[in-house]
1. When residues of the stretch 101-140 are filtered for being more than 20 Å from the chain's Cα centre (by Cα) and part of a loop (DSSP other than H, G, I, E, B), how many remain?
2. Kindly evaluate residue 94 against the criterion of being at pLDDT below 65, surrounded by 17 or more Cβ atoms within 10 Å (Cβ to Cβ) and either part of a helix (DSSP H, G or I) or touching a strand residue (DSSP E or B) at 6+ places or on another chain (Cβ under 8 Å) (or both).
3. Would you point out the residue of the stretch 26-55, among those that are touching a helix residue (DSSP H, G or I) at 6+ places or on another chain (Cβ under 6 Å) and within 30 Å of residue 83 (Cβ to Cβ), that is modelled with the lowest pLDDT?
4. For the list (1) surrounded by fewer than 14 Cβ atoms within 10 Å (Cβ to Cβ); (2) at pLDDT 80 or above, I need the number of the one condition that residue 130 fails.
C-alpha cells in the first residue's frame, strides 16, 4: 500500500466515498520518541499527508487537550451543518454509504443504569441544537462508564448521521484516535 498509514488510507477512502471528514493536526509532540521526526522517510510521509489533508479539508491545529476537544467539536459541527444544509449535493456514494459510524458493539447487558441513561439523555437534549453538547462520565476503572456511553450511543443511532467513539484514557491516546 505504498507505505501509507491506516489513517491515510481511511482519509482517502472517506474522501472517495463522499463521507464527511474532520482533520485535526497536532502541533506539539509530548514524547518525541513516539514521533517519526528522526526517520527522514517517515517524517517526509507525515508532512506529505499533512499537505494532502490541508488541500482536502480545513484542518484545525491543536497543541493541547482543550484545543483537541474544541477542534473536534467544531469540525464535527461544521460537517453536520454541511449535511443538513445541502443533502441533495451529497454524492451518490455518500448517500449509499449512510452514516459515519465508528462505535464499538452495544454491550449485551447493562442493568441498573436507567436513571443515569435518562440523565445523560436529558443533558444532551438541552439547548437549541446549534452548539455541540458534551456530557462527561467519570468514575473508577471498571465502573461501567464506557458501557453506559455505548448503550446511549446505540440508542441514538437513528437520530444521528455521525457517531464516533474515541478512547480517552489519556491525551496521547485521544489525540491518536483523531489522527
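The values are calculated or read from the model by the stated rules, or taken from the named source; none is laboratory data. Worth saying up front: this structure is predicted, and the values here are computed from it rather than measured. Neighbour counts are summed over all protein chains in view; Cβ atoms, including those assigned to glycine, are modelled from backbone coordinates with ideal geometry.
1. Here the count works out to 12.
2. Details: at pLDDT below 65: yes; surrounded by 17 or more Cβ atoms within 10 Å (Cβ to Cβ): yes; either part of a helix (DSSP H, G or I) or touching a strand residue (DSSP E or B) at 6+ places or on another chain (Cβ under 8 Å) (or both): yes.
Yes.
3. Looking at residues that are touching a helix residue (DSSP H, G or I) at 6+ places or on another chain (Cβ under 6 Å) and within 30 Å of residue 83 (Cβ to Cβ), I get 26.
4. The single condition residue 130 does not satisfy is (2).
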